[in-house]
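The values are calculated or read from the model by the stated rules, or taken from the named source; none is laboratory data. If you're wondering where the values come from, they're calculated on a predicted model, not measured in any experiment. Note that each Cβ is placed from the backbone with ideal geometry, even for glycine, and that neighbours are counted across all protein chains shown. All accessible areas refer to the heavy atoms of the entire protein, side chains included, with ligands and DNA or RNA removed. Shrake-Rupley method; radii C 1.70, N 1.55, O 1.52, S 1.80 Å.
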Amino acid sequence: SQTIHQWPATLVQPVGSPLSLECTVEGTSNPNLYWYRQAAGRGLQLLFYSVGIGQISSEVPQNLSASRPQDRQFILSSKKLLLSDSGFYLCACNRQGPETQYFGPGTRLLVL
Amino acid sequence: AQSVTQLGSHVSVSEGALVLLRCNYSSSVPPYLFWYVQYPNQGLQLLLKYTSAATLVKGINGFEAEFKKSETSFHLTKPSAHMSDAAEYFCVVRPPGTYKYIFGTGTRLKVLA
């Protein structure tokens, strides 16, 4: 089965600083990849998904961007962080088709 | 648009009691349905999934869920709660023909000794 790695586990950044969160996947090829944000006490909000290298779909207009430079690598970025970007960021993947999503351990981001 | 409703953001049960977490979806076509569990500061783990096979689905840790098309429901149950079941539970829908997974807002389960 798939294994998803995310780093860092925790990150504290000042407002206006850049952001780069990385997600890598093992155990499958050509997966669909997803970035979610989970605010405290709330459900998961889909931010981006990708069905192939260089293919990014954005779900919500915001201060973030995503890239997929390699088949099993998914990066979430920001040029200037806002306070509202704080949250728990989860990377997920599934094989092509109606398959189960597997989740990484998450990155907790606190913007001060 | 597709949506998922989880009734009750917080549910408390006594240890050994029945666990029932409710989930209703809106869809004209039966979607794929999932239940995930999240322990504090961790990612989500799949409990079980329905993909148009048997309507009663058994998952890990003694959980099961029944797909009822007439009620558009996919409630999660466990006959006897254990302290280790305390966590947040998410009902998830994936409409056929899409890449997106739609999450409910979650139900936090508390198990009382």
How many residues, within region B:1-48, are among the hydroxyl-bearing types (Ser, Thr, Tyr) and either part of a strand (DSSP E or B) or open to solvent by less than 20 Å² (accessible area, probe 1.4 Å) (or both)? 8
B:GLU71 passes all but one of the listed conditions (1) closer than 19 Å to A:GLU99 by Cβ; (2) in contact (Cβ under 8 Å) with a residue 24 or more places away in the chain; (3) out of contact with any Ser or Thr (no Cβ under 8 Å at 6 or more places or on another chain); the exception is number (1)
Give me the residue from region A:51-93 that is over 26 Å from B:ARG94 (Cβ atoms) and of a type in the set (S, T, N, Q) and, out of that set, farthest from the chain's Cα centre (by Cα). A:SER84
Single unsatisfied condition, A:THR10 versus (1) open to solvent by 60 Å² or more (accessible area, probe 1.4 Å); (2) under 19 Å from B:GLU88 (Cβ atoms): (2)
Anything in region A:48-63 that is more than 11 Å from every other protein chain (Cβ to nearest Cβ) and either touching a Leu at 6+ places or on another chain (Cβ under 6 Å) or exposed (fewer than 13 other Cβ atoms within 10 Å of the Cβ) (or both)? List them, or say none. A:GLY54, A:VAL60, A:PRO61, A:ASN63
Restricting attention to region A:86-105, does a residue exist that is away from every other protein chain (no Cβ under 11 Å), open to solvent by less than 40 Å² (accessible area, probe 1.4 Å) and not in a strand (DSSP E or B)? yes
